[in-house]
Amino acid sequence: MFCEIAKHFLMDYFFIGPLSFNFDNAPGNITISLNPNSWTKMANIIFVDMPPGTGFSYATTKEASISSDSILAKQANKFIRKFLIDHPKFLKNPLYITGISYMGIVTPIVTLEVYKANERGDQPTLNIQVNYKTDLNFFELVNRDTFFAVPSPISSWILILELNMLIEWHLYLMIFIWQAAIENCHGNYVNNTNSLCINSLQRYTECTSGLNMEDILEPLCNKSDVKPYCREYYYDFAEDWINNKVVQQAFNIRQGTIGKWEFFNRTMHYVEGKNDTFCYAYNIFSSFSYHKKLVSKTCRALIFSGDHDMTFPYVGIEQWIVALNLKIESRWNPFYVNNQVGGYEVTYAQNEFSLTFATVKGAGHSVAQYKPKEAMALAKKWLALKTHSSAI
């Protein structure tokens, strides 16, 4: 059973859930169809709007509407247990916990919270054999202020640009900007008051501001175009669709509990460099230590990333995984979808813990959105293993 922790479950639902949107570049023309790449074909999935205030979730008191990274992890553990008390037929199923994008920082914390609750005897005992994570957010996941033993974000960005052949020879001037940022920022690239650091980061921003950071090969959204190919428009269309009263009735939404459904709840949506919002405290600045603790558990992890995602480059994700100091169980190899290379994967292991890291060829930030077949193939292959490592 998957427990999908999401800050906007609706889009995750339509990426890996049973239904897909059909868009015709107009808000009034949205229809839905069965998703041929639905992960519900291989697992029971709970899509959870968390924390309260996201999606259609709501709080009945002011105190309950205030949350944080650490509070969310405890709330998720309580929710899972309450759900399984009400639905005991799922208790014997292995439990998989997943989170996409920013929720990657919370996923290992939720997973560890579930383990701790099992160990202290909380009921029901959960059959958590696997820690499952996708599209991990490298910057937030490892450290939002100072990065843990990994390349700077700028070095990751430059490397991913080089690997995708987007930097022409004469633009290697950016490397000097990167070097200047390393020298002037001393590892702190967020809220640094050093004028030399600020200038270096500004120069780098000027060089990359014209790129679509979520997929560097897709055009940057330009709303002045008559018929733009822009994924952001899909979100706008979806927002119009889900606010339709007939649609909400089909989803059994409790009428009157929230106002307009918004893709981003601005009272809690994360903004880079901003620690807190009105309703949410981003109080865990590094989840690396949680990953280190999970290494001692009987646990498997799957982490995958699009190789065209410049928001959270896969080269940075690989570096913090390497920093876990695990042994390589299976070296880099391609995986195939319809007899074509879908990407590459490597597996690390220690005792009863194993971690598979994969890059998906041609995918952007949310892998299942850009490459649904490849994302499903990875998950299906990994689930079929059903074993933990015994590497020492």
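The values are calculated or read from the model by the stated rules, or taken from the named source; none is laboratory data. On a predicted model such as this, the values are computed, not experimentally measured, just so you know. Here Cβ is always computed from backbone atoms with ideal geometry, including for glycine, and neighbour counts include all displayed protein chains.
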* Asked: Is there a residue in segment 308-329 that is assigned by TED's automatic domain parsing to the domain that holds TYR370, touching a Ser or Thr at 6+ places or on another chain (Cβ under 7 Å), farther than 23 Å from SER101 by Cβ and surrounded by 14 or more Cβ atoms within 10 Å (Cβ to Cβ)?
  -> yes
* Scan of segment 57-83 for residues that are more than 18 Å from LEU112 (Cα to Cα) and modelled with pLDDT of 90 or more, ordered by number -> PHE83
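Can you find, within segment 166-206, the residue that is surrounded by the most Cβ atoms within 10 Å (Cβ to Cβ) among those that are among the charged types (D, E, K, R) and either closer than 26 Å to SER286 by Cα or modelled with pLDDT under 80 (or both)?
Checking each candidate, the answer is GLU183.
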* To do: Sort out which residues of segment 361-387 are on the phi < 0 side of the Ramachandran plot and in a loop (DSSP other than H, G, I, E, B), and write them in order of number.
  => LYS361, ALA363, GLY364, HIS365, SER366, LYS371, THR387
* ILE242 farther than 25 Å from TYR370 by Cβ, of a type in the set (Val, Ile, Thr), in contact with a Phe, Trp or Tyr (Cβ under 9 Å, 6 or more places away or on another chain) and modelled with pLDDT of 80 or more -> no
* Which numbered condition VAL247 misses (of (1) over 25 Å from the mean Cα position of the chain (by Cα); (2) at pLDDT below 80; (3) not acidic (Asp, Glu)) -> (2)
* Sole residue being surrounded by 17 or more Cβ atoms within 10 Å (Cβ to Cβ), over 18 Å from the mean Cα position of the chain (by Cα) and outside any loop (DSSP other than H, G, I, E, B), chosen from ALA358, ALA301, ALA349 -> ALA349
* For segment 207-219, enumerate the residues that are farther than 17 Å from LYS361 by Cβ and loosely packed, with under 15 Cβ neighbours inside 10 Å. => SER209, GLY210, PRO219
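Restricting to segment 1-56, name every residue that is part of a helix (DSSP H, G or I), over 30 Å from SER68 (Cβ atoms) and modelled with pLDDT of 65 or more.
So in segment 1-56, the residues part of a helix (DSSP H, G or I) come out as 9-16, 27-29, 39-41.
Within this subset, residues satisfying the condition of being over 30 Å from SER68 (Cβ atoms) are 27-29, 40-41.
Across segment 1-56, the qualifying residues are ASN29, THR40, LYS41.
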* Structure fact -> Checked against (1) farther than 20 Å from ASP49 by Cα; (2) in a helix (DSSP H, G or I); (3) out of contact with any Ser or Thr (no Cβ under 8 Å at 6 or more places or on another chain), ASP122 satisfies every condition except (2)
* Structure fact -> Taking first residues from segment 366-392 that are modelled with pLDDT under 85 and second residues anywhere that are buried (at least 19 other Cβ atoms within 10 Å of the Cβ) and among the basic types (Lys, Arg), the pairs with Cβ under 7 Å that are 6 or more apart or on different chains are HIS388/ARG300
